[in-house]
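Shown next, in structure tokens, is the structure this report addresses.
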Amino acid sequence: MTAGRAPLALYCFDGSADSRAACERAAALLGDHRAVVLCIFESILALPTSGAGVTDPEMMPPEDAEEVDEAARERSLGLAREGCELLGRLGIPAEPAAAEDLGSVWRTILAEADERDASVIVLGSRGLTGVRSLVLGSVSHGVANHSRRPVLIIPALPE
């Protein structure tokens, strides 16, 4: 950490009710931290191109794939801005950030935390649900088990 600067909290945000609740609850504990709200997106350009994949030039021209990719980045940045607005209403100024998934969301979060020298990583115990969560496994589990930094995992609210 840079001397004289407040420590940095990296808030992981996907727009879900649980990620919103995690931001609100963590903000009460980390109000003296600087904040970055991070949202991860998946790049269509990173998908395999062998066979008749989505990014196969016969299926989708490269310029269209780049446009889809930019739209995913912008949507992710928009979600991060929503998280910043939420924290702002709680008196915590925050900077939005979007990062491309590096193959697993938890690895991407850890890479961003390292790059920003975050003093703590904040995330909910449950985010987006459905098939995607089954395929990816538990993001909070991956972050908690592989981080060299403190991790604040906020449990999901009871339904």
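Summary table
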item: Sequence ranges 102-108, 89-95, 20-26, ranked by mean other-Cβ count within 10 angstrom, highest first; result: 20-26, 102-108, 89-95
item: Sum of side-chain charges, residue 95 neighbourhood, beta-carbon under 11 Å (Lys, Arg +1; Asp, Glu -1); result: +3
item: Neighbour-count ranking [beta-carbon atoms within 10 angstrom, fewest first] of 32, 114, 69; result: 32, 114, 69
item: Spatial separation of Cα centroids for segment 69-99 and segment 104-119, in angstrom; result: 16
item: Amide hydrogen neighbours beyond the local backbone of residue 41, cut-off 5 Å, H modeled; result: 99, 100, 101
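No value in this document is a laboratory result; all are computed from the given coordinates. All values derive from a computational prediction rather than experimental measurement. Cβ sites come from the backbone with ideal geometry, for glycine too, and all protein chains shown count toward neighbours.
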